[in-house]
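The next block holds one structure in the form of structure tokens; read it before the comments.
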Amino acid sequence: MAEFSDALDDIDVPDPSLMNVVEQDTLKWVFVGGKGGVGKTTTSCCLSIQLAKKREKVLIVSTDPAHNLSDAFCQKFGRDPMLVNGFTNLYVMEIDANADMDKIQGEMSAAAGDDEQSVLQSLMGDLTSSIPGIDEAMSFSELMKQVQTMDYDTIVFDTAPTGHTLRLLSFPTIMEKALGKVMDLKDKFGGMLSSMTGLMGGSAQGPNGENPADMMLGKLEETRTIINKVNTMFQDPTITTFVCVCIPEFLSIFETERLVQELSKFGIDSHNVVINQVLFPEKDAEELAEWFEAESPKLSKEAREICSKMMARKKMQDKYIGQCFDLYGDDFHIVLQPLLDHEVRGVEKLTEFSETLVNPVDLEE
């Protein structure tokens, strides 16, 4: 491509494929993220299919509230791991954060007496409204506690759009705020809650002698311990990596740069960028322009207009792909995924398309 073919000649760029991820057998967790609508789910599915060829058991987990894995594989999945049709070692589960939060509240209410349930519900309501993200943090903690006990070689996370993903990285900070908030509530209202419950003839204690604030504090401490342990693993590049997905447009490239910077700030490994929906990745815009100029007199007016718009988009894409190589070409594996004339849905098409992740287009041909 005109915008960066010269650069490819001048520098020794990393292999433009995700084979480095597939062949790194120490990887336990692979996160796939980016702006909404750029093809994260398709990339997650395709990468998982390739990983399944090298691993004994692979799990894909969707943490996006708008689950798409069921649509991608044309198979209904739920919150429990389910084997993908046509595979013997690839599983999928879709997590519902709201359901997880309801489960946590239900468990805490069940552990408390009848008189304490309303107090716990009030505490939870106050906590979730005063600390944005605490419900997601607790749900994520439950998810990680669950997946850590599962016997999978690699777990691929099909994440929510960038904003939600960046909030995931801030969960340790959120938990510190939540614990501080509960301590404040306990100091201010703990005695009053005990007195009020006693006056009403109830016991202000749970089955283990703790009051509602202590029960909440215990749950948050457990959640913080899990999240801090997971956060340490996130920062180990032999265990965790993050694959950024984008399309060759300004807003998507801009958000990818923000994501890469945030990942770096949190110490999370990221050295792969997948660029989806690329028009003729093996061709140069200048070559296509020469073809169009030569063939234009033979084309109808309508065909010329269609080709002209396609050429304009091709030039725009090449410009932003060139910027990607300028930003990441020295250190990142940049994979160009072609725009197809059909949807990539179902095991057969996903398996076929997954080959482009590990057998890349030769940009120097």
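The values are calculated or read from the model by the stated rules, or taken from the named source; none is laboratory data. Since the model is a prediction, treat every value here as computed from it, not as a measurement. Here the Cβ positions follow ideal geometry from the backbone for every residue, glycine too, while neighbour counts run over all protein chains shown. For the accessible areas, the whole protein counts, side chains as well, though only heavy atoms, and no ligand, DNA or RNA atoms are used. Shrake-Rupley method; radii C 1.70, N 1.55, O 1.52, S 1.80 Å.
Annotations for the structure displayed:
- The stretch 280-364, accessible surface, carbon-and-sulfur percent (1.4 angstrom probe): 49 percent
- Near the amide H of Gly36, within less than 5 Å, lie the amide hydrogens of Thr162, all on another chain or at least 5 residues away, with H placed in the peptide plane.
- Cross-link table Lys229/Lys349; Lys145/Lys349; Lys35/Lys314; Lys53/Lys265; Lys28/Lys229; Lys40/Lys314, entries beyond 26 Å C-alpha to C-alpha: Lys229/Lys349; Lys145/Lys349; Lys53/Lys265
- Taking only alpha carbon atoms, the stretch 276-365 gives an Rg to Rh ratio of 1.03, where Rh is the Kirkwood radius.
- Peptides ranked, highest mean first, by Cβ atoms within 10 Å: ranges 218-230, 282-294: 218-230, 282-294
- Placing pseudo-labels 7 Å out from each Cα toward the beta carbon at Lys298 and Asn359 gives an inter-label distance of 3.1 nm.
- The stretch 224-263: chymotrypsin sites (Phe, Trp or Tyr not before Pro) in DSSP loop, at most 15 other beta carbons within 10 Å: none
- Solvent-accessible surface (1.4 Å probe) assigned to Tyr91 amounts to roughly 50 Å².
- Within the straight-line cut-off of under 17 Å between alpha carbons, the lysines reachable from Lys319 are Lys283, Lys309, sequence neighbours fewer than 8 places apart in one chain being disregarded.
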